Structures are given as C-alpha cells and as structure tokens.
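**Q** Before I ask anything, here is the structure I am working with.
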C-alpha cells in the first residue's frame with residue numbers, strides 16, 4: 001500500500017519529559033506539519049489487524065487520528081479509504097503511515113512530526129516498516145520527571161510505575177540508538193536546557209534540516225504547576241526547570257526512584273546526579289519500604305484502568321506488557337527484528353484485558369525487582 005510517502009519524525013520519551021515542547025520545536029522547522037496530541041493507533045495495532053479488511057482499519061484510524069481541520073480531514077479520509085480499497089490486505093502500520101503522509105501533504109508540508117510516550121516500545125516495527133522515518137527520544141532525569149508528575153497530581157503519582165518505566169525506556173532507547181544509529185537519536189532534556197543552540201543544532205543535523213535560532217522560540221507548554229495547556233506570553237526554552245526534584249520529593253521518594261532505576265543505569269545517563277551519593281537515614285528507608293508496599297497495590301489499579309480504557313485484546317495486552325517488561329536485553333542484530341505484525345483475535349470481554357494487565361504487571365514487577373543489583377538491594381539496610 002504505497003503512496004509516495006513523506007518522511008517523518010516520531011517524538012517519544014517518558015511522561016513529563018518535555019515531549020510536547022520538543023514536538024513544537026521540530027514543528028517550527030521549514031516544511032513540518034505536526035500534531036502535539038498523543039497518538040493511540042499503535043496501542044490498538046493487534047485489534048486493528050484482526051479486523052477483516054483494510055477498509056475497516058482505515059475507518060478506525062480516520063476516527064481516532066487527527067488529520068487536520070474538518071475540510072482537510074474529509075479530503076485525507078477519502079484518499080485513505082481509496083488507498084485501502086486498492087489494497088484490501090494492508091495492515092494497520094501501512095495505513096497509519098499513509099495517513100500521516102496524506103495529512104502532511106494536504107497541509108502543504110514536506111515532512112511530519114508526531115508524538116506519543118509509547119513509541120519507544122514500538123520502535124522496532126516503526127523503523128523497520130517505515131523507511132524514511134526517524135525517531136527522537138527525550139531523556140529526562142527520572143527524579144525530576146517523578147517530581148513533575150507529583151506536582152501535577154499529588155494523589156495519582158505512582159513512583160514504582162514511573163521509575164520502572166523510565167528504566168525500561170532508557171534501556172530500549174540505548175538499544176535502538178545502537179541498532180539504528182542514523183534513525184534513532186537520544187536528546188537529554190537537561191542538555192536542551194543548558195545548551196539549547198548546540199543540542200538543537202545536533203538534532204537538526206540528525207534530521208538533515210538546517211538550524212535556525214528561531215527554532216528555540218517555543219512556547220512554555222504543560223508546566224507541572226498548571227493544567228495541560230500552552231502558557232500565553234511565555235516563550236523560549238526555560239533553563240530553570242531542571243534539578244528541582246529536591247523541592248518536591250521527600251527523601252524516601254528519592255530513595256525509591258534511585259533504587260528502582262538502579263544506580264548503574266542512573267549513573268550512565270546522569271553521573272553527576274546528587275542522589276547517587278546521597279545518604280539516607282533509617283526513617284527515610286522505612287518510609288521507602290512503605291511507599292513500595294503501597295505501590296504494589298496502586299500500580300495494579302493503574303494497569304486495570306488502562307486496560308479498561310484501551311480495551312485491548314487479552315493476548316495483545318499480555319504479549320505487549322510481557323515483551324516490554326520481561327524479555328532480556330534485545331539483540332543488536334537488526335535482521336532478527338520482527339517486522340510483520342501478528343493478527344490476534346479480539347475478545348469482547350472487557351474484564352479479560354484488565355485481568356491480563358494485572359497478571360502481566362505482577363510478573364513484570366517481580367522480574368524488574370529481580371534485576372536490581374545486589375548493591376541496590378543492600379541499600380535498604382537500616383544501618384551504615
């Protein structure tokens with residue numbers, strides 16, 4: 001299902017890492033058509049590929065993927081349905097790729113940019129199946145990301161999910177950068193704040209786009225102290241939004257994040273992080289154990305909610321979570337990467353995906369905790 005597809009950029013990273021800001025920055029490049037909303041197509045890939053025809057897959061993508069203002073949306077939808085009719089066996093990835101290219105071309109662009117925090121978990125399929133597409137992963141200190149999330153929603157933050165998600169995301173990002181050095185690029189959020197000209201210049205070189213100082217004139221987007229929105233009247237990269245976790249996180253919360261992210265992984269990306277050398281007393285260690293115990297209840301509830309909202313098929317939900325959380329370090333041989341999706345049956349029962357999510361989470365947490373180094377586990381001692 002080919003249609004002169006345009007090149008594009010997928011922006012990804014863990015929550016509260018500045019993904020929206022980076023998407024706006026890339027969107028300021030000449031010829032770029034971007035959307036800063038969260039794409040959800042890949043989260044439903046298995047259920048889409050289980051549909052009997054490309055026409056039905058195209059209808060679902062049209063209904064759930066922003067394609068521009070209404071007149072443009074209708075034009076792109078008609079073109080996408082026509083392409084699906086020509087290739088009745090086209091899968092969801094091919095239709096998704098065509099939809100992005102058609103929308104960008106309809107808007108007069110020469111390439112497109114989209115963002116979603118989950119793209120890093122689908123990078124193998126995206127980079128193998130979409131020639132000309134690149135991916136940018138925005139890395140942020142996990143302590144600052146956890147603090148930002150806590151400031152946004154003090155009651156809803158779950159340090160365990162945040163820390164384990166950061167660790168796995170950073171592992172996958174490092175692997176993808178080794179496997180696809182010309183198509184996967186890691187940007188540290190702190191480097192973007194401290195040296196924006198150099199960091200954005202390197203990003204432009206990676207994307208083969210000319211650097212322009214006006215790219216840095218991005219709005220302040222989604223600050224943790226506000227609801228999700230663009231702050232009017234404030235523009236430019238805000239250099240004071242790094243290393244502020246000590247103002248928000250307690251000593252126990254810092255200890256939990258450092259332990260679950262593991263000191264070795266944190267040291268690889270943030271060797272000068274003060275939390276690596278911080279010492280914690282018995283009270284902070286006891287409080288950390290209480291956070292872990294509470295998180296073992298709250299984390300499954302989060303997955304239950306996500307499973308119910310996504311309503312993913314049972315096997316799809318289990319396969320995705322187990323593949324991401326349980327598998328060992330993936331091979332660096334690009335030839336072994338799976339590039340063809342496997343259609344999975346759709347379950348009409350909403351409770352089954354929720355149960356699958358709970359099982360996958362428990363198994364994933366056990367494996368993740370088992371991978372902690374002995375030095376990290378020993379840090380839970382209540383004496384020094």
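Rule-based calculations on the coordinates, nothing more; no lab input. Here the structure is a predicted model, which means the values were calculated and not measured. Note that we place each Cβ from the backbone using ideal geometry, even for glycine, and neighbour counts take in every protein chain shown.
**Q** Using DSSP, restrict attention to beta bridges with both residues in the range 8-235 and report what percent are antiparallel, rounded to the nearest 5.
**A** Antiparallel bridges: around 15 percent, rounded to the nearest 5.
**Q** Ratio to report: Rg/Rh of the range 8-235, with Cα atoms as the point set and Rh obtained by the Kirkwood method; give two decimals.
**A** Here Rg/Rh amounts to 0.97.
**Q** Right, here's the next one. Distance from the Cα centre of the range 75-130 to that of the range 13-38, in angstrom?
**A** The range 75-130 and the range 13-38 have Cα centres spaced 17 Å from each other.
**Q** Still on this structure: If you average 1/r over all unlike Cα pairs in the range 56-160 and invert the result, what Kirkwood radius do you get in angstrom?
**A** 16.1
**Q** Kindly state, to the nearest 0.05, the FRET efficiency for residue 289 paired with residue 194, given R0 = 30 Å and r defined as their beta-carbon distance.
**A** It comes to 0.25.
**Q** Compute the distance in nm between two label points, each set 7 Å from the Cα along the Cα-to-Cβ direction, one at residue 110 and one at residue 75.
**A** 2.0
**Q** Starting from the Cα gyration tensor of the range 137-219, take the square roots of the eigenvalues, sort them a ≥ b ≥ c, and report rounded, prolate or oblate (rounded when a/c is under 1.5, otherwise prolate if a/b is larger than b/c, else oblate).
**A** Since a/c reaches 1.5 but b/c is at least a/b, the shape of the range 137-219 is classed as oblate.
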